[in-house]
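Worksheet for the structure shown next.
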Amino acid sequence: MLNALYNKRMSRANPGLMVFLIDCSASMSFPMVRDSTDPETWTKFQAASMILDNFLYQCTIKCASEDKYKDYLDFVILGYGDNTFSPISKISTSEYPISVNKLDSSYESVEDFPEQELDETNSPIKWINSDSVGGNTAMLNAFTKVKKIIEDWVKKHPDSYPPILLNISDGMANDLPRDDEDNEKLDPSPLFELCNEIKKIQTNDGNTVIGNIHLSNVPGGYAKFPVSIDEVMDIEDPAAVTLFEMSSAVPAPWLEKAQGFGFDIRPGGKFYIYNSDFDSFLSFFKFGTDPTNG
Amino acid sequence: MRCEVCKKEFDEYESPICDNCLRKIWNKSNEEMTNKWVKYLNVQKPTTLRQKKYLATMYRRFDWIDDVDYTTHEDFPGHEINLNSGECSCGKNCDASSKFSEVLEILPENSLRTSAILYVLEKLSKQYKIIQSKIPIKQINALWHPKLPPKNKTNNAEEINPLFIKLRKKFLGEKTSGSNQIHVEWPHYVHYTRSIAKKEKTFDSEKFKNADFEWIVPNAILVQRNGQFTFVLPCKIEGDKKAIRLFTEKKPNITKRYEQLSRFFKENSIIEKIPELVDFNFYKEELSVTTKSDSGVVSKKYPLVEMDWIEGISLDEFILENFQNSSKLLDIADQFSEFVEKLESNKIGHGDLHPKNIIIDSNQKMKLIDYDCFYIPLFKGQKSPESGQSDFQHPSRSKKGSNFPKYDETIDRFSSIVIYLSLLIISKEPEIYDEKNSENILFSEEIFDSLREGKIPNLIENIKSISDEKIQILMKHLLEYIKLDSPQIKSLSEIIKNVR
């Protein structure tokens, strides 16, 4: 009997793997486009680290049980600027993947809870080092490192839910070779090949999923879960097409629940938003990490 | 000033009602808002002219009803007021314009909510002799800025609330419950954690203020044990280890249930009669927690249950450690059957028997925890708050609309047969036990379902081949019960009384 894919529950015996790649290039310190009525502005990196810190916090409290964490989930969190590094300063790149247990001793700081509403951006615990931003966009390098980590992890966890990789970026990879024909341009094909190889890494429950969230500099001009490359072809930014090619299609079993996150995804739609504002970023992130809620 | 409601002195505003009472009234009205308002309150739209007129009517007793042309209105002959700016054509700061400008100050984002509180106050004014126009707009506006905490914290919620409800019933013809209530988010783990991080301020009683909670990360992650709609925090109070149970879902009557349960245990010396049960204290309004509501952030007091912490391991862990030790298992099985017999003969029931709720202490004595579904005679005719852990309950219990089983002292009959039988089987044939499936012990919802579909799972085949009279007779009864939608389940002791 053929079992439905993307169906496995994450458990201690068969944990899940969440891979987060965060663009830490200099432009990530520019303000994030938020709802126009909201006076509060965050930099793109702040937005990403708040959302990520909150996710890590939610994971730890979910597993916090009588002095030990129930490890149902492994993490990889890598930043890329001039090179690839761990944005959690107490964890080195070579230590990944880490389990929830490891998070317990690796945070940067604990702050007081905010007095007001608790939402998806508040975490009293900060894991992500705010000094991570600066430099280039060595995305190819990061995906190369991550491919090895995912391959090794899958060998150990053949029956697990497939790994999910979320790449949070605001621009074009620039550690790419020059295009043969047009020396002004970069050739993204090594990145495409790499991502195709990563997408082929699979457990018995399905293939690794790559999602790309591109953060906005300017309001308007979304591309949400595009099905065809034509939908992003006209965007001048070369990142638009590059990230399209890198993304997986949203796994069919996820389509149903997309509506609950405010998304209407067509079958075959890529797991990708171009020029996302804060709210879409948050929803995309919650949608992409939802399988961890098993 | 002396507050007209609580009769206490306060000095925040020149107002007939103190901030604290106003907040209470407002929070209360939020919670039990009449149908008249709820339809509109969630709609965030710019204030319309009509609403502004309405506010004016509410706040300053203007007689500006919808279709009346104010220019010819007897109160303001010859005045033409711009209803958006409040300015008057006479060019002076005339009476009409100053009154209307005041109205415009009432938060324009949601005039409906402001209308609602004015409406509520108007109804109360008769009782308390509050003239609502004497309440400064500043004070009403402060209700919309929950960042400002109520100043003088008082504990007179008790005095004011029942009276308030009565008043509302009288004036508004309001029903006490309705589906259209304003939503206040029930706290979950993070909200509770935030409160406990500030325990000196948030707990009412000294003993909890001074309690030592176990933190994994100080002030951010608490050690916890999850339940169905509760979670439990271990802590030390005055040197003793305790378990604090907090509720993560709003359950109807939960407060009343626990109060009645606590009283019943004490009045009937239940702990003395059944030492497997653990004494507990229920605190109705103990921990102040801040959560979101439709109208912003609200602080409310939430209940908790305090119980002795039972050191030990849960029954499933005990079996996993001892599944090859037949005599230990049989000892536990005996304790268990005696326990359920005592429950029933005292006309009470646990309601959710499963291995995680059964703790075996270091002396191999059994203790039962988690009384969320506990049955006592006072609850006769009610519904069970939860359907219990489905791997140990009759499949009909979790079916919607099912009236089976009755919520009475026989509530544990099915689960006790499952648990007792499992213990006997493992003590006799440890090979049948699957260590990977230790949390369910042996049976599961899946197995019950396939039996109902007429399939015979391997496990059942294997059990049928065990030569043991007690096991076989229990198995026979269990299979019979599973197949029926609402079987007459016999008690464990009745089934096994003539078998040795």
Reference-scaled alpha-carbon Rg (2.2 N^0.38 Å with N residues) for segment B:385-485:
1.06
Within 10 Å of the Cβ of an average residue in B:214-226, the count of other chain Cβ atoms is 6
Which listed residue (B:488, B:362, B:381) has the Cα farthest towards the positive end of the charge dipole for segment B:312-496, taking +1 on Lys and Arg C-beta and -1 on Asp and Glu C-beta about the Cα centre?
B:381
Simple spin-label estimate for residue B:324 and residue A:12 in nanometres, 7 Å along Cα-Cβ:
2.1 nm
Using a Förster radius of 25 Å, what is the FRET efficiency between residue B:364 and residue B:466 based on their Cβ-Cβ separation? Nearest 0.05, please.
0.50
Using a Förster distance of 25 Å, the FRET efficiency for residue B:382-residue B:335 (Cβ separation, nearest 0.05)
0.30
Per-residue average of other protein chain Cβ atoms inside 10 Å, peptide B:189-201 -> 3
If you count only protein heavy atoms with a 1.4 Å probe, what accessible area per residue comes out for segment B:185-308, rounded to a whole Å²?
40 Å²
Cα convex hull of segment B:185-308: mean projected area in nm², to one decimal?
8.2 nm²
Env charge @ residue A:125, Cβ radius under 10 Å, K,R +1 / D,E -1, value -3
Average accessible surface area per residue within chain A, 1.4 Å rolling probe, Å²:
43 Å²
Could you run the numbers on buried accessible area between B and A, total for both chains, 1.4 angstrom probe, in Å² to the nearest 100?
2000 Å²
How much accessible area per residue does segment B:312-496 have, in Å², with a 1.4 Å probe?
44 Å²
So how exposed is residue B:361, as accessible area in Å² (1.4 Å probe, rounded to 10)?
30 Å²
Given the C-alpha centroids of segment B:256-290 and segment B:303-345, what is the distance between them in whole angstrom?
21 Å
Residues losing 20 Å² or more accessible surface upon assembly, segment B:275-317, compared with the chain by itself, 1.4 Å:
B:292, B:297
With a 10 Å radius around each residue's Cβ, average the other Cβ atoms per peptide and rank B:446-454, B:342-350, highest first.
B:342-350, B:446-454
Is the shape of segment B:312-496 rounded, prolate or oblate, going by the alpha carbon gyration tensor and its root eigenvalues a ≥ b ≥ c, with a/c under 1.5 for rounded and a/b larger than b/c for prolate?
oblate
Shielding by partners for A:54-61, please: the mean number of other protein chain Cβ atoms within 10 Å of each residue's Cβ.
3
Spin-label pair residue B:342/residue A:237, simplified geometry with 7 Å Cα→Cβ offset, distance in nm:
6.9 nm
Relative packing of peptides A:122-130, B:455-463 - highest average C-beta neighbours within 10 Å first
A:122-130, B:455-463
Could you give the distance between the Cα centres of segment A:96-142 and segment B:433-481, to the whole Å?
48 Å
Dividing the helical contributions, -39500 (n - 2.57) per DSSP H run of n ≥ 4, by the residues of chain A yields a 222 nm value, nearest 500 deg cm²/dmol, of -9000 deg cm²/dmol
Gyration tensor verdict on chain A (Cα atoms; rounded if a/c is under 1.5, prolate if a/b is larger than b/c, oblate otherwise):
rounded
Label point 7 Å out from residue B:266 along Cα-to-Cβ: which residues of segment B:292-314 have amide N under 17 Å?
B:304-308
Between residue B:449 and residue B:317, what is 0.36 nm times their sequence separation minus the Cα-Cα distance? Round to one decimal in nm.
45.0 nm
Could you point to the residue in B:277, B:297, B:235 farthest towards the positive end of segment B:185-308's charge dipole, with +1 and -1 charges on the Cβ of Lys/Arg and Asp/Glu respectively?
B:297
How large, in percent, is the carbon and sulfur part of the accessible surface of segment B:312-496 at a probe radius of 1.4 Å?
44 percent
Checked segment A:89-183 with the C-alpha gyration tensor, a ≥ b ≥ c its square-rooted eigenvalues, rounded below a/c of 1.5, otherwise prolate if a/b is larger than b/c and oblate if not; verdict oblate
Quick calc, residue B:301 & residue B:273: beta-carbon distance into FRET formula, R0 51 Å, rounding 0.05, result 0.95
Tell me the label-point distance for the pair residue B:240, residue A:83, using the 7 Å Cα-to-Cβ offset, in nm and rounded to one decimal.
6.0 nm
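The values are calculated or read from the model by the stated rules, or taken from the named source; none is laboratory data. None of the values given here were measured: they were computed from a predicted structure. FYI the Cβ positions are ideal-geometry reconstructions off the backbone, even for glycines, and counts take in every protein chain you see. Just the protein is used for accessible areas: all its heavy atoms, side chains included, with ligands, DNA and RNA removed. Shrake-Rupley method; radii C 1.70, N 1.55, O 1.52, S 1.80 Å.
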